[in-house]
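The values are calculated or read from the model by the stated rules, or taken from the named source; none is laboratory data. Since the structure is predicted, the reported quantities are computational estimates derived from the model, not experimental observations. Cβ sites come from the backbone with ideal geometry, for glycine too, and all protein chains shown count toward neighbours.
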Amino acid sequence: MTRAGYRRLGWLWFAILTLCAIWLGWMLRHGLPADTDLTALLPADRQAPLIEQADRELGRGFENRFLLLLGDDERVATTRALGQALQTLVDDGQLAAIDWRELDLADADPHDWMGHWRYRLLTPAWQQIIDRGDAGTLVEPALRRLFSPTARPDPVADPFGLLDTWLARLPGSPIGAADGLLTLDRDDRQWSVLIGELKGSPYDMPMQNALHATLEQFQQQHPDAELLRSGLVFHAAAGARQAKHEISTIGAASLLGVLLIIGFVFRSPRVLLQLMVPLLAGSLFALTLTLGFFGRLHLLTLAFGASLIGIAIDYVLHLQCDRAIAGAGFRLRRLLPSLALGLISSVVAYVAQALTPMPGLRQMAAFAAFGLVGAWLTVVLWLPRFTLHASPFTARLATRWWRLCQPRWRLPPWLALVGAVALVIICALRLTSDDSLELLNPSPAALMQDEQRVQQLLDRDTGSRYFLVQAEDTQTLLARLDSLDAALDRAIADGLRVEYQSLAGSVPTAAAQQANLSRVHELYGAPLDDLIRRAGLPAEVAEKARARLDTSAPLTVADWLDTPLGQYQQRLWLGETADDGVAAMAVVSGARDAETGRTLQAVAEAVGGPQARVEYVDRVDRIGALLGELRRHTALWVVLAMALMTLALVWRYRRRAWRVIVPPFGATLIVLAAFALGGVPLNIFNQLGLLLVLGIGLDAGIFNVEHARQPSAWLAITLSTLTSLLAFGMLAFSATPALHYLGLTCLIGLASVWVLVPWVRPVDPDRIHQQENEHG
Amino acid sequence: MPLRRWLITLLLLLAPLSAQAFDLDDLQRQLATTPALAGSFEQRRELADLDSSLTSRGTFLFERGKRVVWQLETPVEERIELTPEAITDGSGESAPPGGEQVAQLFLQLLEGDWQALESRFTLALSGDQDAWQVALTPKEAALRERIAGITLQGDRTIDRLDMRTPDGDRLEVRLFDQHPLNGS
């Protein structure tokens, strides 16, 4: 290619990147269209929008609110202090509301708004009594209620206290009032309850900081007070603090390390800048094209895609090392075949993944492949044109380093094979996998303990387990919920240790309500006359009471959800679904073990029938299963890609192919064997780390064979593994499990790549080059 | 010495009399001198939209700071026990929702627990120690929707409780034949 042609290509690439920047700017004009739901990574037919909606509905309370439990000997005074401190946050506009006084939660009297529905609402016990013809036995208790000093009798509207009986059966809140404070009485201890409502997102940093500072200050002033926290905002704040801490420790150490190494080798700050240009150009190219193709981007894609582009640092370092050492004698043409092969082998691996049926993997693979191509083009087209102030020190260092790292003997192929077989056996015997979400939970243990204790004290759940019930119309849905309740009641009577919340207990079907009204008519016959007579009231009271029955109206779901009591159950109602049906949930809390899960699953199947209109969902298990599926798919396609690459390498390198594949595959095996021996389970995150190890290992293998005699190649391999080790391997020290696993994999894997490379370097490169020419 | 002691005792006894105001603290001390008592009651509930009323009679037992036992005799037999923690009837069933609050209020009224009552009511005391009357008016609007006002009357003990609701209902409890209990 002519010099002018090369320059033109460089400008063309610049034009393309400019276009990308404009296109990207246009696509981002409304913000980044990012997905966070894990299921968005699954094929469309595997997604369950209704379950996603149910999850969101149930999670809302946990996201928008927080709850504090305060236990102290001086409870009243400390609660006041904390309540007032938090009130200043409300006044400053950081929080929407904080409830802690007795009257903060006082509802209007249910008698005021439940009145005209009461004749259609009967508890099962009363239904049975009236059905048996024993309605007369209800007179005596009604009489007692009428004359109790603490009751509020109403002989006309409700002489038998139908409403009180029905309300008593509804799940009440465990939060009561004492000493003018919202109070929870558990295990002989009184806890003050403070409920905060957020104004915006739980991830809002200024709000998190203000809340954190207020609580810290309170705890310093009242060291004896026990404060339990629950709510997403605390987990989000802990995560943000941890990230900040790690950026200032691990992040700073990595950056400093990379700066020192590059500065030491090249003696020029400009090289550092030139290191970043291809990575940035690659990211721009990848982000634009991926968004353009897919329309949306998953946050996981962005995170891992950006990490995978890190492989491109290889191209930069190989080019720069060669330039620094060869000086004016540098020729791009000499380096181009290995650079091209490095790119192709990595891109092939990603293209293989882009063909999978998993949209998540496709996105990630496309992002990484575009990114690598973009970075590679930038390296090849632009970097040689930037001036490089080559220091003679770099060449001296390369030679000295090359001599220092000459192994005393070389790895024979048979030994490599035996080693590989041994490692495979270890992996096969010992390697485990764990996709559970608990393993990846980044929240500190103390906060998780708080969360569990609060939920246990309050008998509350975060809605992580529920039955999703669907039907063609509301009445069928209520009936189905009702049979679900009945099945659950039977299971609970048989020893299942769970509790549940369901709408069926609050809103009977229209038919059931009509039947209840008939029963009340029966009760309002002779038993009513008896009651009125014994209470010493005039007989016309009975007539007035009977007249009220005509005003009775059926209670609908919408009516109920509008009442102050029903508001607590709004999260259970999903309403109309996409297929013109309706859906609701019954939330389960209590014992959580495999046996319970199986029983609940069986209940769902029995009630849901063959059309599976009742589904049992365990969010934690479900997300774990999704992550596992993603992991297995990735593993499968990576293995296929590796097989494909091996074929391509065998085609080019023939008998020397094993020398190319030992660094990437060997490092992968070493990582897996180390995990097997160390008892580290395999999950999606350390597996994505393996992709990085494979890419960098393969580049190292190719350059090691192509430029076997050049100290510059060895220096570049060293620099590339070292900088990647610093950038990714250091993440092993992160307290965020996902980053820890990714980092641990890179730490072991990249170190293994670096150690393996010298041992598989071709013995006599000159002879091999001759062979190659004969073949070629 | 005996003379001096006698003088002090006399002064202490006379002090409340000589003071101009008989205040709530004095009343509380006066009520506290009977830690436990028993007697009879008549409870009359007048319902505004009915011309007649619900009247019941029975006996009661009161142990300060512990419990009140309400033994209905006519027209129906029922034993209701109120403690600061719970309200239980003869069958051991708990009160209807919100009943605990009413029970707590009832207990605070019978005890003359002004400190607790003051958080929710404005208190006005009139009369002297032999014939006093305390009028309670709810402070918060939410409570005013349920209770218009309460009046307590008595001498050494509480003799009459009168509670009015905004819709015109009225609960009147008369306590009589009261005698202190020893021991228990």
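Based on this model, can you work out whether A:Leu458 counts as closer than 30 Å to A:Gln190 by Cα, buried (at least 18 other Cβ atoms within 10 Å of the Cβ) and either of a type in the set (A, V, I, L, M, F, W, C) or not assigned by TED's automatic domain parsing to the domain that holds A:Gly133 (or both)?
yes
Hey, any hits in the range A:725-742 for a residue that's over 20 Å from A:Ser307 (Cα atoms) and either crowded, with 20+ Cβ neighbours inside 10 Å or touching a residue at least 12 places away in the same chain (Cβ under 8 Å) (or both)?
No, that holds for no residue.
Return the only residue of A:Thr634, A:Thr599 being under 24 Å from the mean Cα position of the chain (by Cα) and either in a strand (DSSP E or B) or among the hydroxyl-bearing types (Ser, Thr, Tyr) (or both).
A:Thr634
Is it fair to say A:Leu211 is buried (at least 18 other Cβ atoms within 10 Å of the Cβ) and not in a helix (DSSP H, G or I)?
In short, no.
Considering only the range B:148-176, state which residues are within 11 Å of chain A (Cβ to nearest Cβ) and among the hydrophobic types (A, V, I, L, M, F, W, C).
Across the range B:148-176, the qualifying residues are B:Leu161, B:Met163, B:Leu171, B:Val173.
Just to verify a result, which residue in the range B:98-113, among those that are within 28 Å of B:Ala36 (Cβ to Cβ) and modelled with pLDDT under 80, is farthest from the other protein chains (Cβ to nearest Cβ)?
Looking at residues that are within 28 Å of B:Ala36 (Cβ to Cβ) and modelled with pLDDT under 80, I get B:Gln104.
So if I check each of A:Gly93, A:Gly133, which one is free of Cβ contacts under 8 Å to residues at least 60 places away in the same chain, more than 14 Å from chain B (Cβ to nearest Cβ) and part of a loop (DSSP other than H, G, I, E, B)?
Exactly one of A:Gly93, A:Gly133 is free of Cβ contacts under 8 Å to residues at least 60 places away in the same chain, more than 14 Å from chain B (Cβ to nearest Cβ) and part of a loop (DSSP other than H, G, I, E, B), namely A:Gly133.
Consider A:Ala542 against the criteria (1) more than 29 Å from A:Asp559 (Cβ to Cβ); (2) surrounded by 14 or more Cβ atoms within 10 Å (Cβ to Cβ): it satisfies all of them except one. Which criterion is unmet?
(1)
Do the conditions hold for A:Gly371, that is, is it touching a His at 6+ places or on another chain (Cβ under 8 Å) and in a helix (DSSP H, G or I)?
In short, no.
Every residue in the range A:677-694 that is buried (at least 21 other Cβ atoms within 10 Å of the Cβ) and either closer than 20 Å to A:Val755 by Cβ or among the aliphatic types (A, V, I, L, M) (or both), please.
If the condition is that a residue be buried (at least 21 other Cβ atoms within 10 Å of the Cβ) and either closer than 20 Å to A:Val755 by Cβ or among the aliphatic types (A, V, I, L, M) (or both), then A:Leu682, A:Ile684, A:Asn686, A:Leu688, A:Gly689, A:Leu690, A:Leu691, A:Leu692, A:Val693, A:Leu694 are the ones that fit.
Mind checking which residues of the range A:492-525 are over 32 Å from the mean Cα position of the chain (by Cα), over 19 Å from A:Arg169 (Cβ atoms) and surrounded by 18 or more Cβ atoms within 10 Å (Cβ to Cβ)?
Passing the criteria: only A:Tyr524.
For the subset of the range B:138-148 comprising residues that are surrounded by 15 or more Cβ atoms within 10 Å (Cβ to Cβ) and in contact with a Phe, Trp or Tyr (Cβ under 9 Å, 6 or more places away or on another chain), which member is modelled with the lowest pLDDT?
B:Leu143
Which ones in the range B:114-161 are of a type in the set (Lys, Arg) and either within 26 Å of B:Thr34 (Cα to Cα) or in contact with a His (Cβ under 7 Å, 6 or more places away or on another chain) (or both)?
B:Arg120, B:Arg156, B:Arg160
Name every residue in the range B:155-169 that is of a type in the set (Lys, Arg), more than 10 Å from the chain's Cα centre (by Cα) and at pLDDT 90 or above, in order of residue number.
Selection gives B:Arg164 alone.
What do you reckon, is A:Ala504 touching a helix residue (DSSP H, G or I) at 6+ places or on another chain (Cβ under 6 Å), within 30 Å of A:Ile130 (Cβ to Cβ) and assigned by TED's automatic domain parsing to the domain that holds A:Met585?
Yes, satisfied.
Could you list, in sequence order, the residues of the range A:578-596 that are in a loop (DSSP other than H, G, I, E, B) and farther than 18 Å from A:Ala504 by Cβ?
A:Ala578, A:Asp579, A:Asp580, A:Ala591, A:Arg592, A:Asp593
Could you run through the range B:46-90 and say how many residues are facing chain A (nearest Cβ under 10 Å) and among the aliphatic types (A, V, I, L, M)?
9
Okay, residues lined up against (1) without any contact (Cβ under 8 Å) to a residue 24 or more places away in the chain; (2) among the aliphatic types (A, V, I, L, M); (3) in a helix (DSSP H, G or I); (4) touching a strand residue (DSSP E or B) at 6+ places or on another chain (Cβ under 6 Å):
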| residue | (1), (2), (3), (4) |
| --- | --- |
| A:Ile426 | no, yes, yes, no |
| A:Asp450 | no, no, yes, yes |
| A:Arg460 | no, no, no, no |
| A:Gly463 | no, no, no, yes |
| A:Tyr466 | no, no, no, yes |
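Just need a number here: residues in the range A:173-213 that are of a type in the set (D, E, K, R), away from chain B (no Cβ under 14 Å) and in contact (Cβ under 8 Å) with a residue 40 or more places away in the chain.
2
If the requirement is being within 27 Å of A:Arg430 (Cβ to Cβ), among the aliphatic types (A, V, I, L, M) and in contact with a Phe, Trp or Tyr (Cβ under 8 Å, 6 or more places away or on another chain), which of these qualifies: A:Leu626, A:Leu692?
Sole residue among the options that is within 27 Å of A:Arg430 (Cβ to Cβ), among the aliphatic types (A, V, I, L, M) and in contact with a Phe, Trp or Tyr (Cβ under 8 Å, 6 or more places away or on another chain): A:Leu692.
Cβ-Cβ under 9 Å, sequence separation 6+ or interchain: first residue in the range A:532-557 and within 14 Å of another protein chain (Cβ to nearest Cβ), partner small (Gly, Ala, Ser) and part of a helix (DSSP H, G or I). Which pairs?
A:Ile532/A:Ala542; A:Ile532/A:Ala545; A:Arg533/A:Ala542; A:Ala535/A:Ala142
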